[in-house]
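Below is one structure; the comments refer to it alone.
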Amino acid sequence: MNICVIGTGYVGLVTGVCLAEFGMNLICVDNDIQKIDLLKQGKITIYEPGLDNLVAKNTKEGRLHFSSSIEEGVKSSLVIFIAVGTPSREDGSADLRFVEEVGKEIATWMDGYKVAVMKSTVPVGTARWLKGLIQKHQPQPAPFDIVSNPEFLREGSAIEDFMRPDRVVIGAESEQAVAIMKDIYSALYLIETPFILTSLESAEMIKYATNGFLATKVTFINEIANLCEKVGADVHHVAKAMGLDGRIGKKFLHPGPGYGGSCFPKDTRALSKIAHEKGYTFRVLDSVIQANEDQKKRMVAKIKEMVGDLKGKKIGILGLSFKPNTNDIRESSSIAIIRGLLEMEAKVKTFDPAAMEEAKAILPEVEYGKDAYDVASGADALVLVTEWNQFRRLDLLRIKALLKEPIFIDLRNVYDPAHMKRLGFRYCGVGR
Ligand code: NAD
């Protein structure tokens, strides 16, 4: 089957490459010509473990192509996946500008029956709106179906998540479109992946409800952690015992500096906005959004509490990406914390295994080190913000010797507080 994916970012590139790996013929399109040129040379534009090998393999085997022409992609494909960005507008709602641009172009080049599949995360009602938009912009009427097929992959383990998802959600109104989607994902039937066949609106809501719930779970444990600090409890024991309750589950119960990334912040805001537009106040979600913002600020206050007046102090920050194994710094807590420290006139030196170039573009005033030890050297405190494996087994005595003051602030609770104290650090984590 010939498939086109429009948008070759984190989701689009992974979707295209994995579908090629499933045996489809893929053309991946982006209007960023530089990105497409690099991909044509086999150069990957994002940091995602395993992606480069799969791109090379499927390109070599002739199933994966890159283009900057939507016309070429649409004309040569039966199915067109839309995977462009849907960033937040200033008011929190999802900006559908890119979806609209792409929808109009798809309409222009349709030359026979096609299936347009929405992979991007979009407000409820968007698939139906897109159907009308395509109908309106077709030069001549051509038959087509719309499918909502939200994506649940996590950056850092995107390939595994795409190839072995917990479920596949397909929102559709035509049997033909459902049959085509099942054919595309037939490899997943073999591993008994649950398929949820539903309406366009329900499929769109499933994605937002999932991210809203996960963001709530993270925020809940962050608030429990904050309370643990006040009452002298250890959030690790609390989270472990909570997680063993089958009704709760142990995932997403790790306290930290607040959720970030390209999805949770924007999707929670968009869901809240969808509710408001329908005259409904989503109280839980609104509190989650506020509590998460506060959590990032609390981390700056925590650093200040440990270090004292921050003016002129040199703070080492380990990790810039919003989580390990990605170079994505969109709404990363680390970036928010660094900004908070700079506002208090601290000097910041940082290191991240993958996201330094991205950070340099938005934080030129920060100093960038070559590794954790370089960052620790001469610093008044070291703050671990993103739990990359490189930061999990630091030579702590060497770190202590390099620091001006032996202050270690561990916002991911990677290290054991008692051990850190034994080594002579002034140590604090989150909720312990
Ligand atoms: P991204 O910004 O990494 O990629 C979007 C790509 O679309 C960019 O390469 C951009 O150049 C391209 N694009 C924009 N307008 C275009 C146009 N008119 N023609 C062709 N290409 C165009 O975004 P992403 O992180 O891949 O997210 C895409 C969507 O998937 C979003 O709705 C997001 O919420 C959703 N999603 C993301 C993740 C994730 O982990 N990143 C997970 C699940 C769902």
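The values are calculated or read from the model by the stated rules, or taken from the named source; none is laboratory data. Since the model is a prediction, treat every value here as computed from it, not as a measurement. Glycine also receives a Cβ, built like all others from the backbone with ideal geometry; neighbour counts cover every protein chain displayed. The area values use the complete protein model at the heavy-atom level, side chains included, leaving out ligands, DNA and RNA. Shrake-Rupley method; radii C 1.70, N 1.55, O 1.52, S 1.80 Å.
A few remarks follow.
- Pairs where the first residue, in the range 90-110, is farther than 24 Å from Arg269 by Cα and the second is open to solvent by 70 Å² or more (accessible area, probe 1.4 Å) and in a helix (DSSP H, G or I), C-beta under 6 Å, 6+ apart: Trp109/Lys75
- When the range 37-52 is filtered for residues that are closer than 20 Å to Asp328 by Cβ and free of Cβ contacts under 8 Å to residues at least 40 places away in the same chain, the ones remaining, listed by number, are Leu38, Leu39, Lys43, Ile44, Thr45, Asp52.
- Verdict on Phe81 being open to solvent by less than 60 Å² (accessible area, probe 1.4 Å) and more than 30 Å from Thr268 (Cβ to Cβ): no
- Contacts under 8 angstrom Cβ, first residue in the range 5-30 being under 16 Å from Val79 (Cα atoms) and assigned to a helix (DSSP H, G or I), partner open to solvent by 10 Å² or more (accessible area, probe 1.4 Å) and within 6 Å of the ligand (Cβ to nearest atom), 6 or more apart: Gly12/Asp30; Gly12/Ala83; Gly12/Val84; Thr15/Ala83; Thr15/Glu151
- Tabulated pairs, the range 252-268, first farther than 15 Å from Phe213 by Cα, second of a type in the set (Lys, Arg) and within 12 Å of the ligand (Cβ to nearest atom), C-beta under 7 angstrom, 6+ apart or interchain: Gly261/Lys323; Gly261/Arg330; Ser262/Arg330
- Residue in the range 88-95 that is in contact with an Asp or Glu (Cβ under 8 Å, 6 or more places away or on another chain), assigned to a helix (DSSP H, G or I), more than 10 Å from the ligand (Cβ to nearest atom) and open to solvent by 10 Å² or more (accessible area, probe 1.4 Å) present: no
- Scanning the range 48-66 for residues being part of a loop (DSSP other than H, G, I, E, B), more than 11 Å from the ligand (Cβ to nearest atom) and either open to solvent by less than 90 Å² (accessible area, probe 1.4 Å) or closer than 29 Å to Gly103 by Cβ (or both) gives a total of 4.
- Filtered residues of the range 189-218 (kept if over 15 Å from Met118 (Cα atoms) and either in contact with a Pro (Cβ under 7 Å, 6 or more places away or on another chain) or in a strand (DSSP E or B) (or both)): Thr193, Phe195, Ile196
- Hits in the range 153-168 - residues which are within 11 Å of the ligand (Cβ to nearest atom) and not in a loop (DSSP other than H, G, I, E, B): Ala158, Asp161, Phe162
- Every condition in (1) of a type in the set (Asp, Glu); (2) touching a strand residue (DSSP E or B) at 6+ places or on another chain (Cβ under 9 Å); (3) open to solvent by less than 30 Å² (accessible area, probe 1.4 Å) is met by Glu72 except one, and the failing one is (3).
- Filter result for the condition that a residue is at pLDDT 95 or above, assigned to a helix (DSSP H, G or I) and open to solvent by less than 70 Å² (accessible area, probe 1.4 Å), over Ala233, Ala270: Ala270
- Helices (runs of 4 or more DSSP H) contained entirely in the range 284-396, each with at least 1 residues that are of a type in the set (A, V, I, L, M), farther than 30 Å from Asp52 by Cα and touching a residue at least 40 places away in the same chain (Cβ under 8 Å): 333-343, 372-376
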